[in-house]
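The values are calculated or read from the model by the stated rules, or taken from the named source; none is laboratory data. Bear in mind that the values here come from a model prediction, so they are computed numbers and not experimental data. No Cβ is skipped: glycine too gets one built from the backbone with ideal geometry, and neighbour counts run over all protein chains shown.
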């Protein structure tokens, strides 16, 4: 491939009853930090609908699919594959070795990750060797890989948020910002 | 005060049935990224026990309390107060203005944040103006404020993780690492 790195996130081990909100946070973090796609290995239509609702309102492009087994994706992905785990090698050591001109697959698990995942990826990467959160680990890793470009994506949504010191300012996309004098 | 910045996280609007796991991720992210304390405004003994169990095994110091109203803490906190919200000012603009020699209180809400919170803090800060996750926002903000020092805390726990390319290596604290030749 050529052009900028495209990033896919693979969410493993989602349990619909227990993980609906954490998996949704994983998906929305992937979207907000410039990834183009998320794959959830277990089917969950509620998570897909919730994420697609955000994409509809706040913009994309961003794709989500659920119910896709991880082995074919990991075996066939044409790019760099990284699994985030507290048992892995330090992010600060690995990130400089990740090619910037290849696509990237970032794997985040829930509590139990099958053993073969550790062998099917190019790197097992720890965002700190303390237990915390796959949402936090994903966010920090995506920022480490992309730098400020992680926040540079332009979303083509129906609405957008206007940064504000004290309030909540949301307006239809493309509408002029309110004047300071009004 | 003198000495390095001490960071407290204030978790607002926790609903025990719905938010147990997200709030636990907030707490563990705060601990892993060098904060000294988390306060959850609604009482939830299960979250407290879960976090204290991690502190016991993996180390501290790290304190958690729940059931503490936010207004007294926000009004009396002797340091800088920041509320993370997608409606706020860009993190990249605010972080350079945060004093490094004062303590810091970082407020993260659930879905509904009371209006007065926006006025009781020094800054409302957006980690991107897209909807994503308070766990991701907290992680990225704590890293932006502290840099690599966010991962530099030494934890005095019973066990520690040894970074590994392919496996899971956990050992009692202070025990020598296994030799490569063994």
Residue by residue through region A:90-105, note down the ones that are outside any loop (DSSP other than H, G, I, E, B) and without any contact (Cβ under 8 Å) to a residue 60 or more places away in the chain.
A:90, A:91, A:92, A:93, A:94, A:95, A:96, A:97
Quick test for you: out of A:85, A:23, A:29, pick the one residue that is in a helix (DSSP H, G or I), crowded, with 21+ Cβ neighbours inside 10 Å, within 11 Å of another protein chain (Cβ to nearest Cβ) and touching a strand residue (DSSP E or B) at 6+ places or on another chain (Cβ under 8 Å).
A:23
On the basis of being crowded, with 21+ Cβ neighbours inside 10 Å and on the phi > 0 side of the Ramachandran plot, does residue A:34 make the cut?
yes
Looking at this structure, is residue A:144 within 30 Å of residue B:171 (Cα to Cα), at pLDDT 95 or above and within 7 Å of another protein chain (Cβ to nearest Cβ)?
no
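When region A:56-73 is examined, which residues are found to be over 17 Å from residue A:14 (Cα atoms) and either part of a loop (DSSP other than H, G, I, E, B) or touching a strand residue (DSSP E or B) at 6+ places or on another chain (Cβ under 8 Å) (or both)?
The answer is A:57, A:58, A:59, A:60, A:61, A:62, A:63.
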Does residue B:39 count as buried (at least 20 other Cβ atoms within 10 Å of the Cβ), closer than 17 Å to residue B:120 by Cα, in contact (Cβ under 8 Å) with a residue 12 or more places away in the chain and within 12 Å of chain A (Cβ to nearest Cβ)?
no
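Rundown of residues vs (1) at pLDDT below 95; (2) within 12 Å of chain A (Cβ to nearest Cβ); (3) in contact with a helix residue (DSSP H, G or I) (Cβ under 7 Å, 6 or more places away or on another chain), yes/no style:
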{"site": "B:62", "(1), (2), (3)": "no, yes, yes"}
{"site": "B:65", "(1), (2), (3)": "no, no, no"}
{"site": "B:76", "(1), (2), (3)": "no, no, no"}
{"site": "B:79", "(1), (2), (3)": "no, no, no"}
{"site": "B:107", "(1), (2), (3)": "no, no, yes"}
{"site": "B:111", "(1), (2), (3)": "yes, yes, no"}
{"site": "B:122", "(1), (2), (3)": "no, yes, no"}
{"site": "B:127", "(1), (2), (3)": "no, yes, yes"}
{"site": "B:132", "(1), (2), (3)": "no, yes, yes"}
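Test residue A:48 against the criterion of being surrounded by fewer than 23 Cβ atoms within 10 Å (Cβ to Cβ), part of a helix (DSSP H, G or I) and away from chain B (no Cβ under 14 Å), and give yes or no. Working first, answer last.
Values: surrounded by fewer than 23 Cβ atoms within 10 Å (Cβ to Cβ): yes; part of a helix (DSSP H, G or I): yes; away from chain B (no Cβ under 14 Å): yes.
When the stated conditions are applied, residue A:48 passes them.
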Checked against (1) touching a helix residue (DSSP H, G or I) at 6+ places or on another chain (Cβ under 9 Å); (2) modelled with pLDDT of 95 or more; (3) under 22 Å from residue B:140 (Cβ atoms), residue A:100 satisfies every condition except (2)
Can you name the number of the only condition in (1) closer than 14 Å to residue A:7 by Cβ; (2) facing chain B (nearest Cβ under 9 Å); (3) touching a helix residue (DSSP H, G or I) at 6+ places or on another chain (Cβ under 6 Å) that residue A:151 fails?
(3)
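Looking at the structure I just gave you, is residue B:49 free of Cβ contacts under 8 Å to residues at least 12 places away in the same chain and over 13 Å from the mean Cα position of the chain (by Cα)?
Criteria met by residue B:49.
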Among B:113, B:161, the single one that is touching a residue at least 40 places away in the same chain (Cβ under 8 Å) and buried (at least 19 other Cβ atoms within 10 Å of the Cβ) is B:113
Please list, ordered by residue number, the strands (runs of 3 or more DSSP E) wholly in region B:106-182 having 3 or more residues that are farther than 21 Å from residue B:25 by Cβ.
B:169-172
